[in-house]
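**Q** Following this message is one structure expressed as structure tokens.
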Amino acid sequence: MDYDHTIETTPSAFGGDGEGKKQPVIKPGVCPYFDERQCSGKSPSNQCGSDEDCTGVQKCCSDGCTKKCLYPESNSACMQAKGALQMIGQSSRIQCRPGSV
């Protein structure tokens, strides 16, 4: 199951006409913690700007110096299994229900 990385807005949900407006999707899970003090010197450019820039279950997280796509630290058991299978190219073999534990 691939994630649809954007949600169409509707006039009734957000007011206004809703034309062409999209809300970024925040993928489940928590970014790993990195100590920002470990970053020294010139930082490389960001690899992502938001979760929708990352493939599969990865999230756009700060590593203390820059933003990059990383696997979330905590997640449901199903999403952890999907992330592990994604690393070996088999993520299509499992589907997770939203909110599953």
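The values are calculated or read from the model by the stated rules, or taken from the named source; none is laboratory data. Values in this document were obtained by computation on a predicted structure and should not be read as measured data. Neighbour counts run over all protein chains shown; Cβ positions are idealised from the backbone, glycine included.
**Q** Regarding Ser45, is this residue out of contact with any Lys or Arg (no Cβ under 8 Å at 6 or more places or on another chain), at pLDDT 80 or above and either aliphatic (A, V, I, L, M) or surrounded by fewer than 14 Cβ atoms within 10 Å (Cβ to Cβ) (or both)?
**A** yes
**Q** Of the numbered conditions (1) surrounded by fewer than 14 Cβ atoms within 10 Å (Cβ to Cβ); (2) aliphatic (A, V, I, L, M); (3) modelled with pLDDT of 75 or more, Leu70 fails exactly one; give the number of that condition.
**A** Answer for Leu70: the failing condition is (1).
**Q** Can you pull out every residue in the stretch 48-83 that is in contact with a strand residue (DSSP E or B) (Cβ under 6 Å, 6 or more places away or on another chain) and assigned to a loop (DSSP other than H, G, I, E, B)?
**A** Listed by number, the residues that qualify are Cys48, Ser50, Cys54, Gln58, Pro72, Glu73.
**Q** If you check every pair at least six apart or on different chains, which have Cβ atoms under 8 Å apart with a residue in the stretch 23-37 that is surrounded by fewer than 11 Cβ atoms within 10 Å (Cβ to Cβ) first and a residue that is part of a strand (DSSP E or B) second?
**A** Every condition considered, the pairs that remain are Glu36/Ser62.
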